[in-house]
């Protein structure tokens, strides 16, 4: 029985003080169908088509100044996040992407590497980004402060956006599911329909949030070139 509503996100399962819930990030590989490992087949064709589409889109976002092969970083990030998000939809599987420990670990190194690369190799370009074109002289100090703050909160917004969206849907499904034992047969039918609709919505959210995380990371990368 849950001690509180958020205990479903508590990584408390452990053996010898080793938290085993985080293994959900890797155990899903075992659940991949056998056909996935046979090349070529329809499943690998579908996945390759998705990756090629993402590659072309990220390449467009990076523009001509982007380094060759840099899109694969964001494709791998998208694949990893969407994989973990879908794993969290299975019953009794720990949702690792709902924790800031994981999302911030993904967002902070990406943002920090972009900032270091930009300030070391394109210093003047980074300074010009602090003052948008056409800003009046009297507003320039304020714009520098605003742009600096917005740069610093970027990894936090990336991490919070992903974690909050994963938590929100899971909490709603848990709240509705906990009311099941006290309902009559007619209301339980409505509850099941609602839960299925929410599960479908959460499946869409897992893909959308992974895509948003990867696209925003790509846009942050394109700004430093």
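Observations, loosely collected:
- Relative contact order %, the chain, counting alpha carbon pairs below 8 Å whose residues are six or more apart: 29
- Each of 166, 126, 143 has some number of other Cβ atoms within 10 Å of its Cβ, and from fewest to most they run 143, 126, 166.
- 77, 194 arranged by Cβ crowding within 10 Å, fewest neighbours leading: 194, 77
- Compared with the direct C-alpha span, the chain from residue 164 to residue 72 gains 30.5 nm at full extension, assuming 0.36 nm per residue.
- Helix axis angle, 185-222 relative to the chain longest principal axis, alpha carbon, degrees: 20
- Degrees between helix 42-62 axis and first principal axis of the chain (Cα, 0 to 90, nearest 10): 30
- Paramagnetic label zone (point 7 Å from Cα along Cα-to-C-beta, residue 223; backbone N under 12 Å) in the stretch 125-144: 126-132
- At R0 = 35 Å, FRET efficiency that the Cβ-Cβ distance of residue 105 and residue 194 yields, to 0.05: 0.55
- The chain: calculated mean residue ellipticity at 222 nm from DSSP helix runs of at least 4, using -39500 (n - 2.57): -23000 deg cm²/dmol
- Listed by Cβ neighbour count within 10 Å, with the fewest neighbours leading, 37, 111 appear as 37, 111.
- Computed from the C-beta positions of residue 144 and residue 215 and an R0 of 25 Å, the FRET efficiency is 0.40 to the nearest 0.05.
- Inter-label distance for residue 135 and residue 201, nm, one decimal - labels placed 7 Å from Cα along Cα-to-Cβ: 4.0
- Counting only alpha carbon atoms, the long axis of helix 100-121 and the longest principal axis of the chain meet at about 10°.
We did not get these values from a lab; they are worked out from the coordinates using the rules stated. The shown structure was predicted, so the numbers you read here are calculated from the model rather than taken from an experiment. Reconstructed Cβ throughout: ideal geometry from the backbone, glycine too, with neighbour counts over all protein chains shown.
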